[in-house]
Amino acid sequence: MKKIIISLLAILIVIAGILLFNTFSLTSKQVAPESLEKLNIPETVFQNLSRAIQYRTISFSEDAIPDSTAFHGFHQFLADTFPLVHENLSLEKINEYSLLYKWEGSDASKKPIILMSHQDVVPVDQPTLKDWEAGPFEGKITDTHIIGRGTLDDKGSLMALMESVEKLLSESFTPSRTIYLAFGHDEEVGGPKGAAKIAAYLKEKGIHAAMTLDEGGFLAESMIPGIEKDVAMVNLAEKGFASFRLIVETRGGHSSAPPRENTIGMLAQAIVDLENNQLPYKLVEPINYQFKYMGAELPFLKKLAFANPWLFKSTILKGLNAHTTTAPTIIEGGVKNNVIPTVAEATINFRILPGETIESVKQHVENTVSDKIKVEAAGFLTNPSPVSGIDSEGFRILEKTIRSVFPEVVVVPGLIGGGTDARYFYDVSDDVYRFYPIRLGPESMSMFHGIDEKISKENYKEIIEFTYHLIRKFN
Ligand SMILES: [Zn+2]
């Protein structure tokens, strides 16, 4: 008996030792900031953003034709507002509406970088208009904010890029490496005619960049429990996107004599089966980087958990949503209250974790639901993007710039659940990152694609400052 107690105690001591060793070995991954000169940004930048918002460059649907007046008007506005950019950079229009600016570098041996944004915005849900502080396309400037569709997603970053390049040109700055500014026009409907075509154009020209930077990462304010500092989420990859339609076809019948297997009941069961058999949580790249970068900044007990994924990963992975998610989004079936329908259909949307594929998710759906149910892919589908590394020069410069412009924030690389135009650029770029310093808190999260989208003047200046220093640092 005594022997058993002693050996149990020994095991506990060894486990505690491993836990503590790993916890103390997990040290901060943050690089030292460099002191930067504070930029003097004139108030006119707010008027410029306000005017950009007034062009209704809306993407309604994949098949809808872009509003040429709005897009051409926006292009002319850019030309009028940023004369130095239009004098010194070449501009290629791709598919009429997408813009590709090229700022030739002085050193042809250096790989270029690509800075992205998109011109289009999502429509405004008419019944929510009354909940806006000002008209979504009015471009109202208050004491503290610029209000309107696109201020956060994504004309804010587009305009910030243009402002910083214009400013650099006014200071006679010449980049040593070539810089491309790539502004698609249909990101909100998947980017097939904009960003995809820009990437194809670059590929055809044999251009290969060191780094591409796009939206899809933020400055998260009090979003991560345990970290008081703001967190710069630099996303290295994005999940894939796929929807599958479940179709149940039966002979139907009269509701007074229901068959044992009713069309709608079968469909409901299939949905329940999928929800009860979720795809597993996995510690894959880039989530492993998130464990290290985030874990090191956490208070002791949480840090202990992050430092010891072998014991605690399942809870953390759930918190990070690190699996392929399952979301029923559409259900249809039935026409009359006394008729059993012959057809019922449901659409289930999946956001696919890196390492899995559209095909493997389809397989999972087929294996999970009854084989009497037909499974068909529906609408837009894309596999998860590749995962960019954190050892590249591009990442080092990006992280250094973030830490220097915002010395109080911590950088955390990660994975984004939503899609961006950036996924098309892995083919023409060594690494692809998603980050602009848009400040997001628990309340402002809903403004993306939602009601009362607005950006604070302070934050807008920060984005200009960041893009300005980033371009300088790459040279
Ligand atoms: Zn966007």
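The values are calculated or read from the model by the stated rules, or taken from the named source; none is laboratory data. As the structure is a prediction and not an experimental result, all values here were calculated from the model. Ideal geometry is used to build each Cβ from the backbone, glycine not excepted, and the neighbour counts take in all protein chains shown. Side chains included, ligands, DNA and RNA excluded: accessible areas come from the protein's heavy atoms. Shrake-Rupley method; radii C 1.70, N 1.55, O 1.52, S 1.80 Å.
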For this session: Let me know the Kirkwood hydrodynamic radius for segment 229-332, please, with Cα pairs as the basis and the value in Å to one decimal.
Result: 17.4
Exercise. Classify segment 162-247: rounded, prolate or oblate, from the alpha-carbon gyration tensor (a ≥ b ≥ c, eigenvalue square roots; a/c under 1.5 rounded; otherwise prolate if a/b is larger than b/c)?
Worked result: oblate
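At 1.4 Å probe size, with the rest of the protein present, what percent of the exposed accessible area of segment 228-301 is carbon and sulfur atoms? Don't skip to the answer; put the middle values down first.
Numbers: 1830 of 3590 Å².
It is 51 percent, rounded to a whole number.
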Exercise. Using a simple spin-label model with points 7 Å from Cα along the Cα→Cβ vector, what separation in nm is obtained for Gln126 and Ile4?
Worked result: 7.5
For this session: Straight distance only, please: which lysines reach the Cα of Lys461 with their own Cα at less than 21 Å, same-chain residues fewer than 8 apart left out?
Result: Lys38, Lys140, Lys155, Lys167, Lys229, Lys400, Lys473
For this session: Treating each Cα of segment 77-139 as an identical point scatterer and ignoring solvent, apply the Debye formula and state log10 I(q)/I(0) at q = 0.12, 0.19, 0.20 Å⁻¹.
Result: -0.53, -0.90, -0.95
Exercise. Placing +1 at every Lys and Arg Cβ and -1 at every Asp and Glu Cβ, with all other atoms neutral, what dipole size does segment 152-262 have around its Cα centre, in debye to the nearest 20?
Worked result: 600
For this session: Using only protein heavy atoms and a 1.4 Å probe, report how much of Leu301 is accessible, in Å² to the nearest 10.
Result: 140
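Relative contact order for segment 85-242: what is it in percent, counting Cα pairs under 8 Å that are at least 6 residues apart? Spell out each step's value before the answer.
Working: 237 pairs, mean separation 50.2, N = 158.
About 32 percent, as a whole number.
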Seminar exercise, completed: Beyond 20 Å, the calculated P(r) of segment 278-341 holds a percent of Cα-Cα pairs equal to 44
Exercise. Based on DSSP H runs of at least 4 residues, each adding -39500 (n - 2.57), what is the mean residue ellipticity at 222 nm of the chain after dividing by all its residues, to the nearest 500 deg cm²/dmol?
Worked result: -11000 deg cm²/dmol
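Can you give the charge dipole size of the chain about its Cα centre, rounded to the nearest 20 debye, using +1 on the beta carbon of Lys and Arg and -1 on the beta carbon of Asp and Glu? It would help to have the intermediate numbers written out before the result.
Details: 47 positive and 60 negative charges, 337 e Å.
Dipole about the Cα centre, nearest 20: 1620 debye.
Quick one: with all protein chains in place, what share of the accessible area of segment 379-475 is carbon or sulfur, to the nearest percent (1.4 Å probe)?
On the way: 1560 of 3110 Å².
Reported share for carbon and sulfur atoms: 50 percent.
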Seminar exercise, completed: Expressed in angstrom and ordered largest first, the alpha-carbon extents of segment 1-132 along the principal axes are 86, 51, 33
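If you wrap a convex hull around the Cα atoms of segment 347-387, how much volume per residue is inside, in Å³? Write out the running numbers ahead of the final one.
Values: hull volume 2.8 nm³, N = 41.
Dividing the Cα hull volume of segment 347-387 by its residues yields 68 Å³.
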Exercise. Using a 1.4 angstrom probe and counting only protein chains, how large is the accessible area of Ser35 in Å², to 10?
Worked result: 120
Problem set entry | Pairs of Cα atoms farther than 19 Å apart, segment 55-163, % | 53
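Please calculate how many Å² of accessible area segment 262-416 carries per residue, with a 1.4 Å probe and no DNA, RNA or ligand atoms counted.
Values: 7120 Å² over 155 residues.
Per-residue accessible area for segment 262-416 comes out at 46 Å².
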Seminar exercise, completed: With segment 355-421 reduced to its Cα atoms and the Debye formula applied, log10 I(q)/I(0) at q = 0.12, 0.14 1/Å amounts to -0.56, -0.66
Exercise. Largest first, what is the accessible-area ranking of Trp310, Trp132 with a 1.4 Å probe?
Worked result: Trp310, Trp132
For this session: Alpha carbons only, please: Rg and Dmax for segment 118-193, in angstrom.
Result: 15.9, 50
Exercise. Put Ser61, Ser164 in order of accessible area, largest first, 1.4 Å probe: what do you get?
Worked result: Ser61, Ser164
Exercise. Rolling a 1.4 angstrom probe over the protein heavy atoms, how many square angstrom per residue are accessible across segment 32-169?
Worked result: 45
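Translational D (Stokes-Einstein, µm²/s) of segment 422-475 at 20 °C and 1.002 mPa s when Rh comes from the Kirkwood sum over C-alpha pairs? Can you show the working numbers first?
Details: Rh = 13.5 Å.
It comes out at roughly 159 µm²/s.
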For this session: Could you state the orientation-averaged shadow area of the convex hull built on the Cα atoms of the chain, in nm² to one decimal?
Result: 29.4
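Between Val31 and Glu249, what is 0.36 nm times their sequence separation minus the Cα-Cα distance? Round to one decimal in nm.
Numbers: separation 218, 0.36 × 218 = 78.48 nm, distance 5.93 nm.
Roughly 72.5 nm would be gained on extension.
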Seminar exercise, completed: The size of the Cβ-based charge dipole (Lys, Arg +1; Asp, Glu -1) of segment 283-348 about the Cα centre, to the nearest 20 debye, is 320
For this session: Considering the options Leu20, Pro42, Ile4, tell which one lies farthest towards the positive end of the dipole of segment 1-102, charges being +1 on Lys and Arg and -1 on Asp and Glu at the Cβ, about the Cα centre.
Result: Ile4
Problem set entry | Compactness of segment 346-475, expressed as Rg and Dmax over alpha-carbon positions, Å | 19.2, 61
For this session: Run the 1.4 Å probe and let me know the accessible area of Glu297, rounded to the nearest 10 Å².
Result: 50
